[in-house]
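Here is the structure we will look at, set down as structure tokens.
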Amino acid sequence: MSSITTIAIQEVKVLFRERVFFLLLGIFIVMTLVSLSIGLIATTTTTSIYNASVEFLQKSGANNIPSNPLSALPALTNFRNVIVYIFLIGSLLAIVMGHRSFIRERKSGVLSLLLTRPISPKTLFLGKMFGICLALLSIIGVTFAVSVVSSLLLPFQHLVLDDILRLFIFYALSFFYLLFFAVLGLLFAIKTRSESLALFIPVCIWVGISFVLPGLVSGQTPTALLNPVTMSQIAPAGTFFALMQQYLGPISIGWHYTSFSSQLLGNSLQAVQTNIGGILWENINKTATLLFAVVICLGLCFYLIRSYTVGEGDIYE
Amino acid sequence: MSNIAKIWAVATKEYTDALKNKVFLVFLFFLLFLISVSIVVASFDFESKVAVYQNALIKLKQSGQVVENLSEPQFFPLQLLRGAIEYLEIIGAILAIVLGYLSIAREKGNNTLQLILTRPISRLSFYIGKFLGNALLLISVSGIVFVGITFVVEVIGKTILTGPQLFRILLTGGFTIIYLLIFFSISALLSILMKSLPNALIVSFVIWILFVLIIPQIGDTMDPDNQVPGGLFNSLHIEKANQLLILEKFSRYEKTRDSLEQTSLAKHYERLAFALLGIKDTYNGKSLGFIFHDKIGDVWWISLASIFFGIAGGAVFVKKQMLWKEE
Amino acid sequence: MEENSKIIIETQSLTKKYDGAIALDNLDLQVKQGEIFGFLGHNGAGKTTTVNILTTLLAPTSGSATICGFDIMRENMQVKKCIGYLPENVKFYDNLTAFENLEYFAKLSGVQNPKEKISEVLEFIEFTGIENKKLGEFSKGMRQRIGIAQAIIHEPKVLFLDEPTSGLDPMGIKKLREVILKLKHEKQMTIFMNTHLLSEVAKVCTTIGVLNHGKLIYKETLENMLKRFSDENSLEDIYFAIGE
């Protein structure tokens, strides 16, 4: 068994034993079920309010009453809150996962033992990354399964094959989004000697990616960015926002993730009417940016781990 | 040395230690940067609304149509602070969490607690000193933020704020401090209670996400008017009075939604601040008396929570036999 | 391997600087195969820096070193295959059992049959019956013994121990001493040991080196040292005399 596989399996084993894996899995499953519940309740209630409004308007003698805007949206939209939960909670937990992966070895003194084994620092890093990927894939995979099964069990939450495919692509996209933050957590755990600074810096970057960049690109306030209905709204017109979109838009991976995900989960009539191929084609540059961001982070980790030296500060903070 | 002098010695050390801490300074500058950016973005947003209005006006005039029904966007300078308040609510809370964590981690990690408590100072006095030092720090931070905000609004809005407007900003600053002290106390409490400091920090972040972001988001998402871009009632052209009439039949749903939002202290702070600054149109131009009467619940929530967690932190610190050195 | 294979650890002008401060100053050191080398020095003398460099954890600023004839910079993988290392205060993976911890390190060291090797090593150090206990439940002394086990599981030629007796009770120290002597006599292992405990140096070491502010100021076999400083009453007095 190669050293990379040994390290990867060890990584997963430790996550299991520390119950971190189960905690993360539990959180993701709860997020999915909460999202579905809220989506269903909100949709049902809004439809009832719409019907009551129509009744009121008809009594007042109104004509040409618009149809229910929610009726055209697929059952998949009931999952749209998952976008926000993965965007917020998932990414932060991914940072913690990446951070702990390396800090654990440093704090326990095991890092010295590993680096005096006939394995290179690169092998150690690759093994850890492989382990983190395995853990994340399992979590995402189980969450996807729970989404599909919970929908199948609810008679009025009817998913067709197209919906399941969209859901699959959404979770695949979410995997890469989470992977970026896990690598970010790992990167600063390697780079920074202080354990708390190694956590705080990625959290700052997370705030920038989750709130600042999308805010500048879309003109929206932080709380508006968390509403799955309004999160992908087009920015107001004007030179400032045009410039922001031109220069910051391409690197705003949080914005790319939420807007791509919103389209996949049928957040608007236009998105519903566009087929999957069309949505994928429209968002190809966003996917490429996200993957590029992951690759950059991985590259930086590679570069840092190559010249990593164990210091006295590695045992005690 | 009197007890008060000892408490003051602890408080001043706490204040200066935080100012030397890189993590705290990073978050502070980050917060100031975000707030400035949000005001700039809000002003550009307003300018674009004005531009849209003016274009619409020109087109209507050119086509000979009536323009009386078109209302010009009104400029209320304090409404530019919407994003700033939200960043204080979100990022300010992280800053407070960082302070609470560092305050305890400093002693726990360095083994200095034994040295201090073998001096003639009680645990309670020591904790009060720490709390006071950090409260003064948050007052300073709040002061810098709100003076900065005032300056930026005046420059970008090209306006001089009036006395009453400045007073409202001062009040909002005061409630901001009370709100931030909640998160400071929660973070300190967890750092005292939990064996592992990094785990205490992670749990603090999880609480922050839940009560500052997720619960308000759920409440917001459950709002029927937020299910459709632009609002459901707007799309049906139903006026406010009639909206309330229709919603009467759904009062239980609304109560559930509201109860959920009530659990979020961030939401209370936001509602209060938006009302004081006239960010929410319903309170724009209303007297302070009216606002306090309407928002008294929010005032009580954040004040009592701040007192509760502050006392809880002190009580736990006094009682708990902490591990002197983190394993 | 070179003809002078009796010398298993050799450094030449080994230097380490940190931001201008000299941690290790032109260290020229030779340790022969089979020796138990006690490396003494005040706090901050550079003992751990030396060990970190020799175990390939840290790159020197200048100079060179070979272990088992392999250069630590150019042939570091070969060096790692022939060394074992126990740092000060290592805690391992608390949530895994002793067996799982050892199995992991054995695999990474290239041990072909980890299960058998683990049993063999635990028997050697007389620490059996604990394989399925989680490391989190171990005392300091027990962890230290697991530490020794992981360091020797791949049968290295050289064993580096950094303050191995730190925090141990007298029984723990005694057991450690017995293991070290057993490793020398039964496995012909060379042991390089950083330590402050002069009493242990007297009972275990064959050769002593003294580091002072990054410089090696004294190196001698224990026997010759005791003869040279016969006027001194104790090893402690000899140590202070050397320091002067």
> Which of the aspartates and glutamates could be linked to A:Lys191 by a straight reach, that is with a Cα gap under 12 Å, when you skip same-chain ones fewer than 8 residues away?
Replying inline: A:Asp314
>> Which entries of C:Lys107/C:Lys157; C:Lys81/C:Lys215; A:Lys122/C:Lys157; A:Lys128/C:Lys91; B:Lys195/C:Lys47; C:Lys47/C:Lys107 have Cα-Cα distances beyond 21 Å here?
In response: C:Lys81/C:Lys215; A:Lys122/C:Lys157; B:Lys195/C:Lys47; C:Lys47/C:Lys107
>> Quick query: amide H of C:Asn26 versus all other amide H atoms, modeled in the peptide plane; which residues come in under 5 Å with a sequence gap of 5 or more or a different chain?
In response: C:Thr15, C:Lys16
>> Taking each residue in A:104-113, count the Cβ atoms of any other chain within 10 Å of its Cβ, then average. What number comes out?
In response: 6
> Which of rounded, prolate, oblate describes segment C:108-191, given a ≥ b ≥ c as roots of the alpha-carbon gyration tensor eigenvalues and a/c under 1.5 marking rounded, otherwise prolate only if a/b is larger than b/c?
Replying inline: oblate
> Taking every residue in A:215-225, how many Cβ atoms of other protein chains lie within 10 Å of its Cβ, on average?
Replying inline: 6
> Exposure proxy check: A:Leu73, C:Leu102 ranked by fewest other beta carbons within 10 Å?
Replying inline: A:Leu73, C:Leu102
>> Based on alpha-carbon atoms only, what is the radius of gyration of segment A:1-76 relative to the globular estimate 2.2 N^0.38 Å?
In response: 2.13
> With a sphere of radius 11 Å drawn around the Cβ of A:Ser120, what net charge do the other residues whose Cβ falls strictly inside it have (Lys, Arg +1; Asp, Glu -1)?
Replying inline: +4
> What are the ³J(HN,Hα) values, in whole Hz, obtained from phi via the Karplus relation 6.51 cos²θ - 1.76 cosθ + 1.60 with θ = phi - 60°, for each residue of segment A:194-203 in sequence order, with x given for Gly and Pro?
Replying inline: 7, 5, 6, 5, 5, 8, 5, 5, x, 5
> So who's got an amide H within less than 5 Å of the one on C:Ile7, skipping anything under 5 residues away but keeping other chains? H placed 1.01 Å off N, in plane.
Replying inline: C:Gln33
>> At a threshold of 8 angstrom on Cα-Cα distance, excluding pairs fewer than six apart, so keeping six or more, what relative contact order does chain C reach in percent?
In response: 26
>> Just to be sure I follow: if Rg is taken over the C-alpha atoms of the protein assembly as shown and Rh is the Kirkwood radius over the same atoms, what is Rg/Rh?
In response: 1.05
> Can you list the lysines whose alpha carbon sits under 24 Å from that of B:Lys13, skipping same-chain ones fewer than 8 residues off?
Replying inline: B:Lys22, B:Lys108, B:Lys130, B:Lys319, B:Lys320, B:Lys325
> If R0 is 56 Å, what FRET efficiency do you get for A:Glu282 and C:Glu126 from their C-beta distance, rounded to 0.05?
Replying inline: 0.20
> So what does the Cα-only Debye profile of chain A read at q = 0.08, 0.14, 0.15 Å⁻¹, as log10 I(q)/I(0), no solvent term?
Replying inline: -0.43, -1.10, -1.21
> Considering amide H positions built from the backbone, and no H for Pro or chain starts, which residues 5 or more places from C:Lys157, or on another chain, come under 5 Å of its amide H?
Replying inline: C:Ile83
> Debye sum, Cα scatterers, chain C, no solvent: what log₁₀ I/I(0) at q = 0.11, 0.13, 0.15 1/Å?
Replying inline: -0.58, -0.81, -1.07
>> How large is log10 of I(q)/I(0) for segment B:3-319 at q = 0.10, 0.12 Å⁻¹ when the intensity is taken from the Debye formula with one equal scatterer per alpha-carbon?
In response: -0.67, -0.91
>> Taking each residue in A:84-92, count the Cβ atoms of any other chain within 10 Å of its Cβ, then average. What number comes out?
In response: 3
> Taking +1 at the Cβ of each Lys and Arg and -1 at the Cβ of each Asp and Glu, which of A:Asn285, A:Phe56, A:Pro118 sits farthest along the dipole of chain A towards its positive end, judged by Cα position relative to the Cα centre?
Replying inline: A:Pro118
>> Run the reach check for B:Lys267 against lysines, Cα to Cα strictly under 22 Å, same-chain hits fewer than 8 apart removed. What comes back?
In response: B:Lys255, B:Lys280, B:Lys286, B:Lys295
>> Once you place label points 7 Å from the Cα toward the Cβ at A:Phe302 and B:Phe292, how far apart are they in nm?
In response: 6.4
> Using the alpha-carbon atoms, what tilt in degrees (0 to 90, nearest 10) does helix C:170-187 show relative to the longest principal axis of chain C?
Replying inline: 90
>> For a protection proxy built on the mean count of beta-carbon atoms within 10 angstrom, sort C:171-182, A:29-40, B:243-254 highest first, please.
In response: A:29-40, C:171-182, B:243-254
> Fewest first, what order do B:Lys61, C:Lys133, B:Lys130 take by the number of other Cβ atoms within 10 Å?
Replying inline: B:Lys61, C:Lys133, B:Lys130
> Mind ordering B:80-89, B:148-157, C:103-112 by average Cβ neighbours within 10 Å, highest first?
Replying inline: B:80-89, C:103-112, B:148-157
> For segment B:3-319, what's the relative contact order in percent, using C-alpha pairs closer than 8 Å and at least 6 residues apart?
Replying inline: 25
> So which DSSP H runs in chain B come out at 30 Å plus along the axis (Cα) with average Kyte-Doolittle of at least -0.5?
Replying inline: B:22-62, B:123-157, B:163-193, B:296-319
>> Explain nothing, just the number: relative contact order of chain A, from Cα pairs under 8 Å at least 6 residues apart, as a whole percent.
In response: 26
> Hey, what angle do you get for helix C:114-124 against the long axis of chain C, alpha-carbon based, 0 to 90 degrees rounded to 10?
Replying inline: 60
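Any read-out appearing in this document is the output of simple, stated calculations on the displayed coordinates, not a laboratory observation. All values reported here derive from a predicted model rather than from experimental measurement. Please note: Cβ atoms are built from the backbone with ideal geometry, for glycine as well, and neighbour counts cover all protein chains shown.
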